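First the structure, in the form of structure tokens, and then the observations on it.
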Amino acid sequence: MSRTALLSAERIDSGDTMIRVEDLRKKFGDFYALDGISFDVKKAEIFGLLGPNGAGKSTILRILSTLARPTSGTAAIGGHDTVKDDTEVRKLIGIVSEKMIMYDRLTARENLRFFGSLFDIPSKELSQRTDDLLDLVQLTKFGDAQVGTFSTGMRQRMNVIRALLNMPQVLFLDEPTLGLDPQSSVEIREFVKKLNRENGTTIIVTTHTMVDADMLCDRIGIIDHGKVVALDTSANLKRLVSGDSSTILKLDIPNLTPDLVESLRKLDCVHSASQDNSTHVRLVVRGDDAFDNVIDLVRKRGGRIASVENLQPTLEDVFLHLTGHEVRDSADQKIPLERHRRFTAPQRRIR
């Protein structure tokens, strides 16, 4: 199969539903990781699940990819139930997990051929597909280099094309730019959009990164405490803040203190308050007198105001507006995996 053929597969009618989730619940002991989740994803759509770690995003992916069973409710991909027809579902999907799934001591080609053999792809076809995929992410000249020598961005590109070996109709991306530098993040986002545009691949992206959700997704479901609290396009979600007579103020206060932030949060006109850094506080306020009330309080508490900006709403403002807390408030709550020491020979890293 040529690279052109790989990228020009017949586009699926985007008006059809590819994924359907209905009243999905997953319980661990007395804790509900998912508590009545429902949504549909259209064919050839990039759909985002936005929320902090621990919100339930990865649990949704595990159920959709047949790696976990729901406590109740149903999920279907391409009309196949993820529990009753799990074998058929697996034929339709590819998974790019947060953890890199690659063997460092194997070359790029050896890795792809190994994972491709798990799908029983004929040898000649697999060899051609390997070359096509390496070319797709501009790694052809590194095809015979050990993956352990690759930069993080190169490894993530390998991680993505590994999931494309079976040419899935649905691709799951779990935190695809986590830990990447800005340039590598841009490359991954551009590749995902290209894959969707030219292949018609349905893509679900889970992330707590606002830029990924905003730049990649046709629609976004905001997840918090196992529930979908909002679902719409990025533009429409932002109107939840801008369309209700709210104003977003960003104040630069050199002597900002936690007590001052808390005092601002308690003002009747302040819907939410978040501290961006040691000197900046962001407020969503309502009412004609809100600006004056905020300025008066800061001055009364001895705050020195260096500047005030009136901002356009972001997805983080939307999340704060809907839930009352920031996405990053929970972003470090994932329990770290235990790591075992192992011997690895020193390798020169390709940049």
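Bear in mind that the values in this text are calculations on the coordinates, not laboratory data. Bear in mind that the values here come from a model prediction, so they are computed numbers and not experimental data. Here the Cβ positions follow ideal geometry from the backbone for every residue, glycine too, while neighbour counts run over all protein chains shown.
The table below gives the values:
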item: Efficiency of FRET between ASP30 and THR74 - r from beta-carbon atoms, R0 25 angstrom, step 0.05; result: 0.60
item: Enclosed volume per residue, in Å³, of the convex hull spanned by Cα atoms of segment 257-297; result: 59 Å³
item: Most fluctuating residue given options THR257, THR247, THR152, as computed from a GNM of the chain linking Cα atoms under 10 Å; result: THR257
item: Segment 222-278 versus segment 149-167: alpha-carbon centroid distance in Å; result: 37 Å
item: LYS91-LYS300 FRET efficiency (beta carbon distance; Förster radius 56 Å; 0.05 resolution); result: 0.30
item: Contact order normalised by residue count of segment 237-330, Cα under 8 Å, 6+ apart, percent; result: 38 percent
item: Antiparallel bridge percentage (DSSP; both residues within the chain; nearest 5); result: 70 percent
item: For the chain, built as a Gaussian network whose Cα springs stay under 10 Å, the top-fluctuating residue of VAL261, VAL228, VAL83; result: VAL261
item: Cα centroid separation, segment 183-209 to segment 94-141 (Å); result: 18 Å
item: Computed helical MRE - 222 nm, the chain, DSSP H runs ≥ 4 contributing -39500 (n - 2.57), nearest 500; result: -9500 deg cm²/dmol
item: Net lengthening on full extension, THR149/GLU110 (0.36 nm per residue, minus Cα-Cα); result: 12.6 nm
item: Under 5 Å, built H, 5+ apart or other chain: amide partners of GLY36; result: LEU24, ARG25, LYS26
item: Two-site label geometry, ILE101 and ASP276: point separation in nm, points 7 Å out along Cα→Cβ; result: 3.9 nm
item: Relative contact order of the chain, pairs being alpha-carbon contacts under 8 Å that are 6 or more residues apart, as %; result: 20 percent
item: Rough spin-label spacing in nm, given labels placed 7 Å along Cα→Cβ, for ASP289 and ALA235; result: 3.7 nm
item: Gaussian network model of the chain, Cα within-10 Å springs - most flexible of LEU260, LEU322, LEU49; result: LEU260
item: ASP120/LEU67 FRET efficiency (R0 25 Å; Cβ-Cβ; nearest 0.05); result: 0.75
item: P(r) of segment 3-231 over all Cα-Cα pairs, binned every 5 Å from zero, in whole percent; result: 1, 7, 15, 19, 20, 17, 12, 7, 3, 1, 0
item: Amide proton proximity set for LEU171, modelled H, under 5 Å, gap of 5+; result: GLY94, THR202, ILE203, ILE204
item: Residue order, fewest to most beta carbons within 10 Å, for LYS26, LYS193, LYS124; result: LYS124, LYS193, LYS26
